[in-house]
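Below you'll find the structure, written out as structure tokens, and then a few comments.
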Amino acid sequence: MKKIAIQGISGSFHDIAVREYFKGEEIEVIDCETFKDVFETIKNDTSVLGAIAIENTIAGSLLGNHNLLKQSGLKIAGEQKLRIKHNLVALPGQKLEEIREVHSHPIALMQCGDFLQKNKHIKAIESDDTASSAKRVAQEGQPGVAAICGEQAAEIYGLEILEKGIETNKRNFTRFLIIGDPWVVEDLNKGKTRNKASLIFTLPHEEGSLAKVLSILSYYNLNLSKIQSMPLIGREWEYQFFISLSFSQYVRYAQAINAIMPLTKELQILGEYEEGNQTM
């Protein structure tokens with residue numbers, strides 16, 4: 001049985017993403033309070049895999065997770081893209097007009113801004129996690145208190161959905177990475193198609209340095225699906241670049257990597273894996 005560490009608890013979007021990725025397999029999900037705890041869990045038991053959110057189509061990239069992944073020495077085994085649907089949930093029998101406050105993760109609250117603006121009688125209170133907020137509402141049993149979370153969390157913790165789909169933008173997706181020890185990932189991906197890769201590198205502070213790299217990737221017909229710059233701590237105005245790219249021919253991808261290697265510094269391949277599904 002595979003063990004997967006996630007940030008959050010049962011019913012969280014990390015939990016849903018993991019169960020989608022390993023659909024049909026028997027898995028054990030290990031709850032962690034923080035993303036750093038996910039990496040520590042894998043470090044303490046290399047047989048454990050992990051799942052981390054890496055970017056959202058509205059909130060953008062999770063820069064902290066980019067750095068944790070780079071520093072960890074772990075590899076990416078795969079990805080899952082999940083449609084994020086937010087719901088207002090409360091104790092059974094409650095009505096929308098009776099709700100005084102709502103608890104959820106700050107990003108979830110931000111993504112439901114239009115709904116909260118429309119319902120100004122509801123005070124938004126930040127918490128650690130969507131599913132944890134739902135669990136707390138159920139355990140404390142206070143009337144007039146609600147949470148914003150997914151349908152699964154509402155079902156698990158016995159809450160009633162007062163309003164479905166309250167996210168402002170319905171094209172709200174989060175991309176999750178499945179990560180693990182390099183040897184475990186290599187074994188997990190045996191026989192799978194590898195048509196996507198994630199890299200991180202730094203560039204010299206010279207005119208056109210990034211343009212040269214991008215030109216080479218284009219020449220080898222690689223599709224750049226993500227590029228994220230992050231400042232190098234202690235080296236002002238120098239940046240590291242995290243990129244994800246997809247390809248149809250592994251040979252062309254390998255040739256491109258060899259071609260950009262002399263132009264980059266500290267090039268690190270974070271993972272070569274099969275492009276993930278998008279769950280609606």
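Only the coordinates and a few stated rules stand behind these numbers; no lab work does. In this text the structure is predicted, and so the values were computed from the model without any measurement. Reconstructed Cβ throughout: ideal geometry from the backbone, glycine too, with neighbour counts over all protein chains shown.
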Original post:
Yes or no: G93 over 27 Å from N169 (Cβ atoms), part of a loop (DSSP other than H, G, I, E, B) and without any contact (Cβ under 8 Å) to a residue 12 or more places away in the chain?
Top reply: no
**OP:** Filter the range 227-244 down to residues that are under 17 Å from the mean Cα position of the chain (by Cα) and not β-branched (V, I, T) and give me whichever is farthest from S198 (Cα to Cα).
**Re:** Q228
Subject >> Given (1) without any contact (Cβ under 8 Å) to a residue 24 or more places away in the chain; (2) over 14 Å from N65 (Cα atoms), number of the condition E40 does not satisfy >> reply: (2)
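Rundown of residues vs (1) outside any helix (DSSP H, G or I); (2) of a type in the set (G, A, S), yes/no style:
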position	(1), (2)
Q80	yes, no
L88	yes, no
E97	no, no
I107	no, no
L116	no, no
V137	no, no
A147	yes, yes
Subject >> Hey, A254 small (G, A, S) and touching a helix residue (DSSP H, G or I) at 6+ places or on another chain (Cβ under 6 Å) or not >> reply: no
**OP:** Specify which of the listed residues (E238, E274) is out of contact with any Lys or Arg (no Cβ under 6 Å at 6 or more places or on another chain) and either farther than 30 Å from G165 by Cα or surrounded by 14 or more Cβ atoms within 10 Å (Cβ to Cβ) (or both).
**Re:** E238
**OP:** Kindly establish whether G11 is among the small types (G, A, S) and either in a loop (DSSP other than H, G, I, E, B) or surrounded by fewer than 18 Cβ atoms within 10 Å (Cβ to Cβ) (or both).
**Re:** yes
